[in-house]
Each structure stands twice: as C-alpha cells, then as structure tokens.
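Below is one structure; the comments refer to it alone.
What follows draws every value from the coordinates through simple rules; no lab data is involved. Because the structure is predicted, anything quoted here is derived from the model rather than measured. Cβ sites come from the backbone with ideal geometry, for glycine too, and all protein chains shown count toward neighbours.
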Amino acid sequence: MLFPTPEEFHDGVDEPRNAKYRVDEFAGITAFPFTSVELSLLAVHPCVVALAEALLGTEDLRLYSAEAWAKYTGATDYDQRHHRDYLNHTVLVPTEDLAFRQVEKFLHLCDVPEELEPPHFVSKTRTKGVAALPNWLSRDERPDWYATEVSGTGPTGTVAAYSIGTFHRGTEFSGPRGARNTIHVNYRAAITEWANRNSWAKPVARARVVRLCRACLGPAALALWVPFPRPSVLVRGDPGGNGTA
C-alpha cells in the first residue's frame, strides 16, 4: 500500500512510517509517478481526461501535476482559510479565456463524507471581481463565503473539479479514526506553457518580458501579459506593483 490504512495509522502499527503524516497538512503528499502503476494510471484515466477536455474545450492537453494525498484524523491541523491555487500553478495572472484555462481535480480513492475532511468550494458567481491579493481570506473576513461554501463530499470515484481561480479550502476531520485518500491532478491546454507547479518568482523578477515569454513561457504568454511598470507575472495583477509572487 502507498499509504498506511486507517487501522494501521490509528493503531500505531508502524510509528516511524506514520511520523511523516504528523509534520503538517502537506506531509501526506506523494508525487507522481507513484509506486503503484494502477494508481498512476488513474491520473490519466479516460474518464478523467475526457472531463478535462470538456472543461478546457480542447483535446490537446497536458497533465502538469499529479499527487496522491493521505490525511488522517488527529495527525495535524487540516483546517484552512479560503484561497486560490494560482500562486503555485502559474506565473501569470489567472485568466477566464477558455483557450488558456487550467483545471484541478480531486479524485476520491475512498468514500469522503463530511466528517472525513472534504474540500469546500465557493462558487465563482460569489467571488467575481475579488482582487488578486490578498489570496487567503479568513472566516472573519468573508463570513458569507463560509456560510455558502459547497462541500466536495462523495463516494469512492467522485471527481471534484475546479479552476485555479476558485476559492476553496481543506476542512478538519470530525470523525474518529478517519482517513482520506485522494489523487490531486492538474490539466492545462498544451498552449498554456507557463502553467506548472514550479516556483519561478526570482528568475521571473529579473527577466525581460520578451526574453521570458520566448524562452520559458511560450509566445502565447505575450497575449496575457499586462503592461504594468513591473511585470504582471510578478505582481499577479496588482497595478500598484507592490505585490509579490
């Protein structure tokens, strides 16, 4: 097994193996490809690919990231503030242009009822026009979002799909001896060459726009570049030029 079973974890069958999951909420992530070929193939399952094609409007796709993720009741604090993932999925400001969109998906590898820490989402109809920064918003700052969030619960095989501009958050376990196993997959149109899970903030800050687009991001990036005094790739849509990636 790639991860400890709920029984193995909560009964302390192998505490050295369990220790990594107690470090923080992201410690249970295993990067693609996985030791299990069958699990790796789920990331490119025909149904998963077909959904990405339908949402992105193209058959010319790239899988730019895949992670298996295990979480356990009591291992660490999983409760998050609402946030968007664009800061570590792209070096350009998120766009609503269908040609350049990206899609994220959680694939449930087990039943995920409310007590087993499902992701919660806020409809983009409620967040339209929200500034690019700040990116993390608490319950006190946006109580209306937390009151109307949609839960990503579902049986084994459920796929919860959302964009990198969708506010969402991890929630806390409320059930005893629980575990939640998912695969997190990310697809983009092939033309969206700047979409990745790499951190390019420092080299991007010193690169000239044309050089960066030609060498790293591809020529299509020029169409989305906003001509602020400092590169919009760095300030992520902050016209004052005071934001950081």
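Descriptive notes on the structure:
- Residue-span extension gain [Arg17 to Arg126] - 0.36 nm each, minus C-alpha spacing: 35.0 nm
- Ordering Val37, Val185 by the number of other Cβ atoms within 10 Å of each residue's own Cβ, fewest first, gives Val37, Val185.
- Of the Cα atoms belonging to the stretch 6-195, the radius of gyration and Dmax stand at 16.9, 50 Å.
- Net charge over other residues, Cβ less than 13 angstrom from the Cβ of Asn181 (K, R count +1; D, E count -1): -2
- Reciprocal of mean inverse Cα separation for the stretch 56-113 (Kirkwood radius, Å): 14.7 Å
- Proximal charge balance of Glu53 [Cβ under 13 Å; K/R count +1, D/E count -1]: +2
- 14 Å beta-carbon shell around Phe167, net charge (K/R +1, D/E -1): +3
- Across the stretch 6-195, C-alpha contacts under 8 Å between residues 6 or more apart give a mean separation that, scaled by the residue count, equals a relative contact order of 36 percent.
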